[in-house]
Amino acid sequence: MFSKKNYVYLKDKRFPRLIVVKTKQFNKSTRLTTETWPMRNNYHSDNLLYVKIMLMLFGLNMFPVSGCWRLLNYLLVFSSIVSQLYQFFWSIVLFAYSDDPINSVLWTFQAIYAFAIRFILIHRAKRIHSALVIMTNMVPFGENKFRLWSIICLLLTLSTMLFDFLRLVIWFIWGPNEELIDLYTSILTDFDVNLPLPVAAFTDFWTYCYATIGCLIVSKSFYLFTFHLASECYQSLYSFCQETASDPKRIRYISLMYHKVYNLKDELNEALSSLPFFWYSQIFFETTSQIVRNTKDIPSLDWSKVFFRWGSYLNLLIITIYITYQVDRFTIKEMSLVGKMIQLLTDTRPVNEFKSRTYAVDKSILVNQLIQTPTIIPSAWSSFNIDRTLIVSFFGAVVPFSVMCLEFQQIINR
């Protein structure tokens, strides 16, 4: 611990980071009060309105709501869980009555992953919400990036659902509809259910997109939105540093602000780190299964079969790759901003030369912290980091695993 006349630097119990506390005279009986930076009270619910709506629609909301909104939220959560249960049991029925068990296994895994994602977000709602509120306060109010970002995430989700809807319509209207019709017809006949074929197909489509695919995509969009917000907090930190770096009284505020941003991102990464683990494991399993399933049909594949078989899978794969690149871009931006802060602090001299010694000590501590741990790199359950090299490693692992599965399949078919 390093102490001076008016301020003390010590380790915080909750976060293993240095913080600044103010005291007139440091001794065992002194009551320490934490010094805070001047937060910009710019939080407004409209900035997160579209994010709330997007999460509520798919039963993933972790923002406090009241009145009619609370009732609507409960209804949407209940409908999403019921739809997901329907999809889970439907996958079991497909496995029992279909000649394509791989597809039903994939659907079952997706339903399980969606259940896990919904449980994680609801279980950690308070931690995530409190961190997001503080981070939103730290960002200048005039920028509408959050609203625009949430609209893009919502459009991305809806476009994927519309793609699957278009695929289902084409499947009924055009030629390659025998597989779908035969499957539903046999299941409805065996269970003696008097339900029209289009109603059964579109009900299955809706539950699949709403409860399973929608949950996977919305959780990814929210994950990306969260780290986008963290990146904007680092930008706000750099702007704050530019304005006050030469003020000896403000150097401690800069240090506290940096540690606060670091701890908030660390808290969010810890709360959300299990989500990318589910996404990448699901995509890995589905990529391998798609390769094994379609290898024998490569000579007879045409655009319609590729469209019908690989449509949803390619959407999820492209969105996962996009998430990876964007999160890595945010991290690179934060590292660049921290580097600029280090250069700015190194080149800045205090306005008041009388306090230059105190200023130099405070600045050196802050610069050392910036160099040692500039920012948190998002990770998946501490198993791997979310960066661009992950994509290369992903496909590098898929290819040999798929070849091994194909060899086992050939041995079984002999």
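The values are calculated or read from the model by the stated rules, or taken from the named source; none is laboratory data. Since this is a predicted model, take the numbers as computed values, not measurements. Every residue, glycine as well, gets a Cβ built from its backbone with ideal geometry; the counts of neighbours run over all protein chains shown.
Do the conditions hold for Ser393, that is, is it farther than 30 Å from Glu267 by Cβ, part of a helix (DSSP H, G or I) and of a type in the set (Ser, Thr, Tyr)? Steps first, answer last, please.
Numbers: farther than 30 Å from Glu267 by Cβ: no; part of a helix (DSSP H, G or I): yes; of a type in the set (Ser, Thr, Tyr): yes.
Considered against the rule, which asks whether it is farther than 30 Å from Glu267 by Cβ, part of a helix (DSSP H, G or I) and of a type in the set (Ser, Thr, Tyr), Ser393 comes out as no.
Which residues, taken from the stretch 240-250, are in a helix (DSSP H, G or I) and either modelled with pLDDT under 90 or under 11 Å from Met138 (Cα atoms) (or both)?
Taking the stretch 240-250 as the starting set, the residues that turn out to be in a helix (DSSP H, G or I) are 240-244.
Of everything in the stretch 240-250, those that are in a helix (DSSP H, G or I) and either modelled with pLDDT under 90 or under 11 Å from Met138 (Cα atoms) (or both) turn out to be Phe240, Glu243, Thr244.
In the stretch 406-413, is there at least one residue being under 18 Å from Gln290 (Cα atoms), at pLDDT below 90 and among the aromatic types (Phe, Trp, Tyr)?
The answer is yes, given that some residue of the stretch 406-413 is under 18 Å from Gln290 (Cα atoms), at pLDDT below 90 and among the aromatic types (Phe, Trp, Tyr).
Going through Leu406, Leu370 one at a time, which residue ends up being under 23 Å from Leu237 (Cα atoms), in contact with a helix residue (DSSP H, G or I) (Cβ under 7 Å, 6 or more places away or on another chain) and surrounded by 14 or more Cβ atoms within 10 Å (Cβ to Cβ)?
Working: Leu406 fails: under 23 Å from Leu237 (Cα atoms).
Checking each option against the conditions leaves just Leu370.
Given the conditions (1) modelled with pLDDT of 95 or more; (2) out of contact with any Phe, Trp or Tyr (no Cβ under 7 Å at 6 or more places or on another chain), which single one is not true for Lys355?
(1)
Table: residues versus (1) at pLDDT 50 or above; (2) exposed (fewer than 12 other Cβ atoms within 10 Å of the Cβ); (3) of a type in the set (S, T, N, Q); (4) closer than 20 Å to His123 by Cβ.
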site: Arg17; (1), (2), (3), (4): no, no, no, no
site: Trp37; (1), (2), (3), (4): no, no, no, no
site: Leu60; (1), (2), (3), (4): yes, no, no, yes
site: Ser83; (1), (2), (3), (4): yes, no, yes, no
site: Val93; (1), (2), (3), (4): yes, no, no, no
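Yes or no: the stretch 157-174 includes at least one residue that is modelled with pLDDT under 85, in a helix (DSSP H, G or I) and farther than 23 Å from Gln87 by Cβ.
Within the stretch 157-174, one or more residues are modelled with pLDDT under 85, in a helix (DSSP H, G or I) and farther than 23 Å from Gln87 by Cβ.
In the list Gln290, Gln235, which residue meets the criterion of being modelled with pLDDT under 90 and assigned to a helix (DSSP H, G or I)? Can you show your working first?
Numbers: Gln235 fails: modelled with pLDDT under 90.
Exactly one residue qualifies, and that residue is Gln290.
Across the stretch 250-272, what is the number of residues that are under 21 Å from Ser356 (Cα atoms), touching a residue at least 40 places away in the same chain (Cβ under 8 Å) and not aliphatic (A, V, I, L, M)?
3
Filtering the stretch 39-58 down to residues that are loosely packed, with under 12 Cβ neighbours inside 10 Å and either among the polar types (S, T, N, Q) or not assigned by TED's automatic domain parsing to the domain that holds Arg124 (or both), which residue is modelled with the lowest pLDDT?
Residue satisfying both the conditions and the ranking: Asn41.
Take the residues of the stretch 308-352 that are farther than 18 Å from Val392 by Cα and among the acidic types (Asp, Glu): which is modelled with the highest pLDDT?
Residue satisfying both the conditions and the ranking: Glu334.
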